[in-house]
Amino acid sequence: MWHAITIQPAKTNSGRQQTILLSSAHGGEKRSAGTRTFTFKDSTGVDGWYRVSQCAVVHPCRGRKPAVRYGSLSRTGSGLQYLARCGYGVLLRVGSAPAAHAPRLWRFTIPARLWYDAFMIRLLLLIIIAFGSVTPFFPGAVFRDDPPAATTIVDPFITAQTAAMRAEHAADLTDADWDRYTLTVQLDPTGPRLSGAVSVRLTNRSEVDFDTIWFHLYPNHPDFGGRLDVTSAQIDGVPVPSRTLHGDTLIGLRAPQPLPPGQSATVTMTFTARTPRNASQRIFGAYNLEAGVWSIASFYPLLARYIPGMGWDTRPIVSRGDFTVSATALYDVTVDAPADWHLVSSGSRIEHRTTDHNRQVARFVSGPMREFYLAALQGLMPISTEIDGIRVISYVQPNDQTAGKQSLTIATTALQVFNQRFGAYPYNEFEVIQAALTQFYGMEYPGVVLIEQDLYRRNDRLLETTIAHEISHQWWYGLIGNDAQGEAWLDEGLASYSQILYYEMIDNPAQATAELEAFRASYRRLRERGGDAPLATPPAALNNGRYVPIAYAKGALFFHALRQRIGEAAFNDFLQQYVATYRWREIAGPDLIRIAGQACGCELDDLFTDWVITATAVPIP
């Protein structure tokens, strides 16, 4: 169990919030009658005065959605203590800590004169004397005058990750024991090529031994048009043999000894990669250098999923739809690049320096994400703003600045309305990049979306619709994962329907109706030519131009039919509960319909069967 602690020295004029996660497994706590006491000490051993503004107890409650409960703090003569019933996590939030101090472990020595006046201290003592304990202001927290526990040990990797998260979502880092990627990458745009090393700390969460561990090498797919080669591989420091599948798009590493269930291992690989240049007319434009954007999607070996009861997901990748299918993990990435290229990535930058020979080194952390995206830009203009505590940046060509400002407005509006409708976007940053994609309008990655450059030069709503669609993928794919190679409708159908929700929420019902009519027309034409198929049909089987009408149009219409069936209030509750229940997890169709049924308190099996399982000629809603 991890405990998130955020602190701020009382005397500071700059810096930003730093959250420190503490492991109860390493001591630093005292248990008594279902409670825990924590104390903290500066790693230098120096006492300091610190202002604490609020705290929270995070209750995972046996796998249910964590409930964050806020309270106050008690003080003893030798330190600060906060006790949480049930022994669950503790989160203390106190504003901004200067980055220079992170990741440090703190002792809170808080003189009364600093933030409790004498009256409040006397009142607290009177309550203790009168009642024998301090009554908690919120359920789940009690305050006692026990002596503080010993110093708690901090995990620097987890601590660094909090820089990518909005303060109210730092506790999400305690939701699971995430796999961890540590990457170092060197970029050479003259190739364009790159080289690097990746260390993946993974855990066997299955019920069988792992004899071989599989990774995707996506750039080796013909539609990427590039190359990714693993040059060495070790498991727990032991060199291991490897083999590849499906045109080198998968690599399997033979473990020196089987990895038992519940155990962890560290896989280390070195690799080289190259990307095409000016190739968006013929290949997947998100792995390409063109028009000042070196987009380097999926540039590293990505751990394949292990599916309970089925084994490793080693299916050949189908380029119809999205390529990547991966579990949520944490990323810590250091990039060495020419100083005249601007680096953009998933997550947040926490370190940056320039070096000799006109180079720069930047370090990024992600928070929980399904993959890590990286780009290097040259010549694009950044335009930025902030909405709901999220820094939003739009990168555009100098000649498209007017449309670039429009794209920024669209992005901030979409984030704001989706925050309200679906639940909060958890990261500190979001970025939109104008890119040469050519074969598609937009592409989503965690914290970043790419938008086809020509949309910025059109006089219609396609730019707005595309940005809204791609931003909704931050929820439908980003927060809630699904098998895009098997059930693409789960994210594409709901992202398409989110276009309608977006226009409704910005008070443009005419455009919402136009979006719905477009989906109806697309699906109707498909049915008229005999191309209908169940939504559960894998993209590999949706040939002859059927993928978009099924996954996007029919998928969107399913959600409209669901909305009509259960009513507006239940549909809104469904969206909120869907995110709250399955955030960071991967779902399948039955999981979605189960949440919808809970939201309405009704039976929806017939709706699910007719739309998803069979090719029944459903009424078009």
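The values are calculated or read from the model by the stated rules, or taken from the named source; none is laboratory data. Predicted, not measured: the structure shown is a model, and the values here were computed from it. Here the Cβ is made from the backbone with ideal geometry for all residues, glycine too, and neighbour counts use every protein chain on show.
Numbers for the structure displayed
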quantity	calculated
Residue within segment 313-320 that is at pLDDT 95 or above, polar (S, T, N, Q) and not in a loop (DSSP other than H, G, I, E, B) present	no
Residues (under 16 Å from Tyr552 (Cβ atoms) and polar (S, T, N, Q)) located in segment 455-474	Thr465, Thr466, Ser472
Segment 341-362, subset among the basic types (Lys, Arg) and surrounded by fewer than 17 Cβ atoms within 10 Å (Cβ to Cβ), residue nearest to Asn428 (Cα to Cα)	Arg353
Matching option when the condition is of a type in the set (Gly, Ala, Ser), under 30 Å from Leu173 (Cβ atoms) and in contact with a Gly (Cβ under 7 Å, 6 or more places away or on another chain), among Ala551, Ala536, Ala580	Ala580
Candidates Ala512, Ala495 - the one that is part of a helix (DSSP H, G or I), over 23 Å from Pro426 (Cβ atoms) and small (Gly, Ala, Ser)	Ala512
Options Val230, Val208, Val200: the member that is assigned to a strand (DSSP E or B) and out of contact with any Asp or Glu (no Cβ under 7 Å at 6 or more places or on another chain)	Val230
Cross-chain or 6+ apart pairs with Cβ under 8 Å, segment 489-517 first and more than 12 Å from Phe418 (Cβ to Cβ), then part of a helix (DSSP H, G or I) and among the polar types (S, T, N, Q)	Tyr503/Gln511; Glu515/Thr465; Glu515/Gln499
Odd one out for Lys554 among (1) crowded, with 18+ Cβ neighbours inside 10 Å; (2) over 19 Å from Asp606 (Cβ atoms); (3) basic (Lys, Arg)	(2)
Segment 275-300 residues that are assigned by TED's automatic domain parsing to the domain that holds Asn220 and under 17 Å from Arg320 (Cα atoms), paired with ones that are of a type in the set (D, E, K, R) and not in a strand (DSSP E or B) (beta carbon under 6 Å, 6 or more apart)	Ile283/Asp223; Phe284/Asp223
Candidates Leu490, Leu575 - the one that is outside any loop (DSSP other than H, G, I, E, B), under 30 Å from Gly601 (Cβ atoms) and touching a strand residue (DSSP E or B) at 6+ places or on another chain (Cβ under 6 Å)	Leu490
Residue list for segment 190-246, restricted to those being in contact (Cβ under 8 Å) with a residue 40 or more places away in the chain and of a type in the set (D, E, K, R)	Arg193, Arg201, Arg205, Glu207, Asp209, Asp211, Asp223, Arg227, Asp229
From Gln474, Gln378, residue being under 17 Å from Gly347 (Cβ atoms), touching a Phe, Trp or Tyr at 6+ places or on another chain (Cβ under 7 Å) and either modelled with pLDDT of 95 or more or of a type in the set (Val, Ile, Thr) (or both)	Gln474
Selection within segment 241-264 - surrounded by fewer than 19 Cβ atoms within 10 Å (Cβ to Cβ) and either assigned to a loop (DSSP other than H, G, I, E, B) or within 25 Å of the chain's Cα centre (by Cα) (or both)	Pro241, His246, Gly247, Asp248, Pro260, Pro261, Gly262, Gln263, Ser264
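Residues checked against (1) modelled with pLDDT under 95; (2) on the phi > 0 side of the Ramachandran plot; (3) surrounded by fewer than 21 Cβ atoms within 10 Å (Cβ to Cβ); (4) not aliphatic (A, V, I, L, M):
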site	(1), (2), (3), (4)
Tyr502	no, no, no, yes
Met505	no, no, yes, no
Thr513	no, no, yes, yes
Ser522	no, no, yes, yes
Pro534	no, no, yes, yes
Ala540	yes, no, yes, no
Phe574	no, no, no, yes
Ala580	no, no, yes, no
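Yes or no, residue by residue, for (1) in a helix (DSSP H, G or I); (2) within 21 Å of the chain's Cα centre (by Cα); (3) free of Cβ contacts under 8 Å to residues at least 12 places away in the same chain:
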site: Ala411; (1), (2), (3): yes, yes, no
site: Asn419; (1), (2), (3): yes, yes, no
site: Gln434; (1), (2), (3): no, no, no
site: Thr465; (1), (2), (3): yes, no, no
site: Ile471; (1), (2), (3): yes, yes, no
